[in-house]
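Taking it in order: structure first as structure tokens, then the write-up.
The values are calculated or read from the model by the stated rules, or taken from the named source; none is laboratory data. All values derive from a computational prediction rather than experimental measurement. Here the Cβ positions follow ideal geometry from the backbone for every residue, glycine too, while neighbour counts run over all protein chains shown. Surface accessibility is based on the protein's heavy atoms, side chains included, excluding ligands, DNA and RNA. Shrake-Rupley method; radii C 1.70, N 1.55, O 1.52, S 1.80 Å.
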Amino acid sequence: MEDFLGFLNDVGHAIWGVWTLDTSLGQWFVTLPYQTAVAVTVAVLAGASTLLGNSVVLFLNRVRGWRFGVSLLMNGVSMVVLYAVQALAIDVVGYLVTGNRVQADIAVKAVLLATAPLILGFFELIPYLGPGIARILQAWGLVALWAVVATLYAVDRWTALLITLVGWALMQLLSWALARPMSAVGRWIWRLVTGRPTMLTAGDLLAGHQFTPVEFDFELPRAGGGKA
Amino acid sequence: MILNLLVIVIVVLFLLLTFGPLESLGWWRDKGADEAHETLADMAAEYGTPAADPPPEQFVIYLSGIGAIDGSSVPPEEVPLVDELRRRLPTWSVANDVFPYSVSNRGLTAQRPLAGLWKRIETLRIANPTSFLPFLVNARNAIQLFVCADRRYGPTYNIGTAQEILKSLLRHGYQLGSGVPVTLIGWSGGAQIALGASWYLGLADLPLKVISLGGMMSDDYGLDKIQLLTHLRGTEDVFEKMGRRIFAGRWPGAIGSPWSRARAEGRIVEIDLGPIHHNDKEHYYDPDTFAPDGRSYLQVSTDAIHSVLIGQPVKEIDWSAEPKEEAGPAPA
């Protein structure tokens, strides 16, 4: 029990350290006996919270009960995978820029920690202000990643920024290239977990256009035939 | 100490805002979509069915401001305006039985987890209208206003309120497909709810107009479905001004927004009523403050809405003139 409470305390400490961009966090983190568990927990929390913030998608698609919970968890897991790939991209770019090779597992853990600001992602639920808050959190996450990269490679802030931005751009390129297969896999997982075909996606909602979240036609027939 | 209190207030406010959309989202997920199906089936069955009695000439639905607790428990100062409209328009249907801040027309004192709290507040408001606690009602309903205006939540929220408005119209004898005009009057936040619901009401082919009284409105897509929005506003109304500032789609540079589109097409008319405030004192429903022409602010508001309803120009007031003798009590 004490171990578990200690673990929670360490997770909390790591989150706070990233939120406040505490530069001494790295030295503290390397002394932890269960670094991987702390880093993965932070990323899973960030992923689940981000989907909770976007849970309007789950509500509109009428996902409920255990499927709702599993969807949140799956989003957490997918965020761990996504950021692990991001870490590998940064690892490659970092090596090319600095000539220093950082062990891949350390890079992954560091990048997973940088997702800590997204733990507040549930605030995206806030009506009207939510999308703006999400953008702020994303920017905060990028700044946190910048700080983590600076610590990881022990480089000045501009070199760290270069590594972060190139790594980020590489991820965007990868996302674009793999968009179709990833979307197909995503739909398959969605159907498996929610038991429903996708009706509305987060993209549909964030596009800001009017949508009708019903499977049927709301229009009534005109008196003389045809639709209203 | 003060800083800690401020942090606590901000955290509580954020949490209230965060959980605000869950009522309408939960309603949609659990039964809203099915109810919408049933309502559509009922309406399709009734479509074109002639009314048994001569129907009213026109239909008006009054949507209260964010101080409402349910369809029937609105702040007392609003009652005389609705009563006066009914008196002046005896052949029209003027209804105020829709609670705009719930997707299922369920008042705050109905079957809800916090119904007890809202009942106590309602009692307190009757006993002491100036007490602070009733502002919790305003805060709760204001959050629903933003839920309605949010592009993500609005569509489901507005299906709920559109359904309730349609049900109210049918209760009062509206014949679907008759082409009889319908006007929604939205006071304060009620104006946003009216615009939100208009998207779906428009799809049901209702000839629709909206009158906003000091409305705090966004650039809702419902604007695309209405014939005319008449926005009556006081020049001292801070909440109406706030609406213009916080909803970016209403900014002058918001090209292509539903608001800009409706303005360009001449479907938005904005009329300044004079130095009227939103609430507290010298507000739209104030029977004790008088314009220079001798009419109370309540009369000014009532006359303006009545004029718009019957298609007459709103009477202009020379606010620089010397005030006349008080004209006596407000219409009620």
Among the residues of the range A:18-50, write down those that are touching a residue at least 60 places away in the same chain (Cβ under 8 Å) and within 20 Å of A:F123 (Cα to Cα).
A:V18, A:W19, A:V42, A:A43, A:L45, A:A46, A:G47, A:S49, A:T50
Starting from the range B:282-299, take each residue that is more than 14 Å from B:K315 (Cβ to Cβ) and list its partners that are in a loop (DSSP other than H, G, I, E, B) and of a type in the set (D, E, K, R), counting only C-beta distances under 8 angstrom and pairs at least six apart or across chains.
B:E282/B:E236; B:T289/B:K281; B:T289/B:E282; B:F290/B:K324; B:F290/B:E326; B:L298/B:D286
Cβ-Cβ under 6 Å pairs, at least 6 apart or on other chains, the range B:239-257 side within 19 Å of B:G214 (Cα to Cα), far side in a helix (DSSP H, G or I) and open to solvent by 60 Å² or more (accessible area, probe 1.4 Å):
B:R250/B:R244
Answer from A:T164, A:T151 - the residue that is modelled with pLDDT of 85 or more, buried (at least 16 other Cβ atoms within 10 Å of the Cβ) and in contact with a Gly (Cβ under 6 Å, 6 or more places away or on another chain):
A:T151
Listed residues A:G141, A:G94, A:G186, A:G132; which is in a helix (DSSP H, G or I) and in contact with a Pro (Cβ under 6 Å, 6 or more places away or on another chain)?
A:G141
Can you tell me which condition B:E282 does not meet? The list is (1) under 26 Å from B:G222 (Cβ atoms); (2) in contact with an Asp or Glu (Cβ under 9 Å, 6 or more places away or on another chain), and all the others hold.
(1)
Could you list, in sequence order, the residues of the range B:100-124 that are surrounded by fewer than 14 Cβ atoms within 10 Å (Cβ to Cβ) and under 22 Å from B:V147 (Cα atoms)?
B:Q111, B:P113, B:L114
Mind listing whichever residues of the range A:20-47 are under 14 Å from A:A144 (Cα atoms) and in a loop (DSSP other than H, G, I, E, B)?
A:T20, A:L21, A:D22, A:T23, A:S24
Got a number for residues in the range A:108-126 being within 10 Å of chain B (Cβ to nearest Cβ) and assigned to a helix (DSSP H, G or I)?
5
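Only one residue in B:D237, B:D220 is touching a Pro at 6+ places or on another chain (Cβ under 7 Å), buried (at least 22 other Cβ atoms within 10 Å of the Cβ) and more than 21 Å from B:W27 (Cα to Cα). Which one?
The conditions single out B:D220.
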If I ask for residues that are at positive phi and within 13 Å of chain A (Cβ to nearest Cβ), which ones from the range B:205-229 would you list?
B:D205
So which residues in the range A:59-83 are open to solvent by 40 Å² or more (accessible area, probe 1.4 Å) and part of a helix (DSSP H, G or I), if there are any at all?
A:G65, A:W66, A:R67, A:V70, A:L73, A:M74, A:N75, A:V77, A:S78, A:V81, A:L82, A:Y83
So in the range A:21-50, with the set limited to residues that are under 19 Å from A:A139 (Cα atoms) and polar (S, T, N, Q), which one is least open to solvent (accessible area, probe 1.4 Å)?
A:S49
Within the range B:125-142, take every residue that is open to solvent by less than 20 Å² (accessible area, probe 1.4 Å) and in a helix (DSSP H, G or I) and give me the one that is farthest from the other protein chains (Cβ to nearest Cβ).
B:V137
Can you find, within the range A:107-144, the residue that is surrounded by the fewest Cβ atoms within 10 Å (Cβ to Cβ) among those that are touching a residue at least 40 places away in the same chain (Cβ under 8 Å) and more than 27 Å from A:L58 (Cα to Cα)?
A:V143
Quick check on my filter: what residues within the range B:62-110 are of a type in the set (V, I, T), closer than 16 Å to B:I165 by Cβ and either assigned to a helix (DSSP H, G or I) or in contact with an Asp or Glu (Cβ under 6 Å, 6 or more places away or on another chain) (or both)?
B:V82, B:V98
